[in-house]
Amino acid sequence: MKETQVDPQIVEGFKQFDTTSVSDALDRLGIVGGLLGIKPVVEGVSFCGSAFTVHYVPCGAVKGTVGDFLDDVKPGQVVVIDNGGRTYCTVWGDLMTISASQRGIAGTVIDGVCRDVPGIRKQGYPIYTKGCYMVTGKDRVYCDSVNVPVAISGVQVKPGDIVLGDDTGVLVVPAERAEEVYRVAKEIAEKEAVIEEEVRKGTSLREARSKMNYHSLQTRPSNT
């Protein structure tokens, strides 16, 4: 699949936002982007980058490879692995973490589990999963395709989509809507910063929110 290219400046711009502001922007634009159940293995590290997608299937007569795709991922990309939500075997461990860190890969998101958690935390590498489990995926699942549309928690992720995560969770921004989402997220972040400043100065929350029309920030405009 041909990857949709996002302006690098837009990608850099997303790095200044938390997932909450971007989620609110997606809500206002009617885009589903939150990846339910995907949580950080290492807290306190965030990431943002374009998606390099990976799809796994259960092994049958064919016993394919598990992690060799990593050599094809570019620095700054986010590895997004669709393992179908499987929790009985892992598709990521400490050796892949070391390699990804050395290659400058931005982070990893797995619809499934990882292992070697102590090694991952030692590296401080941003990886977000549905949990951890020590059993290897070798001879249980294999990578059948890369850079194709995949699904994480029922949400489509395409090659080149913007993926970002922090301690609150992970979400995806469709590449073709990235500039639009960025503009709305920027507006929301700026207005919430004003509200925060007002509250810290002693303004009531109700008054501060009213001043910035807070309750309309996440609401999709009516077409009527």
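The values are calculated or read from the model by the stated rules, or taken from the named source; none is laboratory data. The model shown is predicted, which means the values in this text are computed figures rather than measured ones. Methodologically, a virtual Cβ is constructed for each residue, glycine included, from the backbone with ideal geometry; neighbour enumeration extends over all protein chains shown. Side chains are part of the model used for accessible areas, which takes the heavy atoms of the whole protein and leaves out ligands, DNA and RNA. Shrake-Rupley method; radii C 1.70, N 1.55, O 1.52, S 1.80 Å.
Which whole-percent values make up P(r) of the chain when all C-alpha to C-alpha distances are grouped in 10 Å steps starting at zero? Values per bin, smallest distances first: 8, 32, 32, 17, 8, 2, 0. Across the range 55-60, coupling constants 3J(HN,Hα) worked out from phi with the 6.51/-1.76/1.60 Karplus curve, θ = phi - 60°, read 10, 10, 9, x, 6, x Hz, and Gly and Pro carry x.
Which distance in nm do the two modelled labels at ASP139 and GLN5 give, with both placed 7 Å along the Cα-to-Cβ direction? Distance between label points: 4.5 nm.
Which entries of LYS130/LYS158; LYS39/LYS74; LYS130/LYS201; LYS39/LYS191 show an alpha-carbon separation above 30 angstrom in the structure shown? Intermediate values should be presented prior to the final figure.
Details: LYS130/LYS158 20 Å; LYS39/LYS74 24 Å; LYS130/LYS201 40 Å; LYS39/LYS191 27 Å.
Going by Cα-Cα distance, LYS130/LYS201 fall outside the 30 Å limit.
Only protein heavy atoms count here; under a 1.4 Å probe, SER204 has an accessible surface of about 60 Å². Each principal axis of the Cα cloud of the range 79-199 was evaluated for its coordinate range; sorted largest first, these ranges are 55, 31, 26 Å.
Sorted from longest to shortest, the spans of the Cα atoms of the range 62-148 along the three principal axes equal 31, 27, 18 Å. Out of all DSSP beta bridges with both ends in the chain, state the antiparallel percent to the nearest 5. About 55 percent, rounded to the nearest 5.
Return the carbon/sulfur percentage of the accessible area of the range 135-190, one whole number, probe 1.4 Å, all protein chains in place.
Working: 1010 of 2230 Å².
With neighbouring chains kept in place, the figure for the range 135-190 is 45 percent.
Around ARG103, what is the net charge, scoring Lys/Arg as +1 and Asp/Glu as -1 over all other residues with Cβ under 13 Å from its Cβ? Here the charged neighbours net out to -1. Accessible surface for the range 48-115, divided over its residues, is 37 Å² per residue with a 1.4 Å probe.
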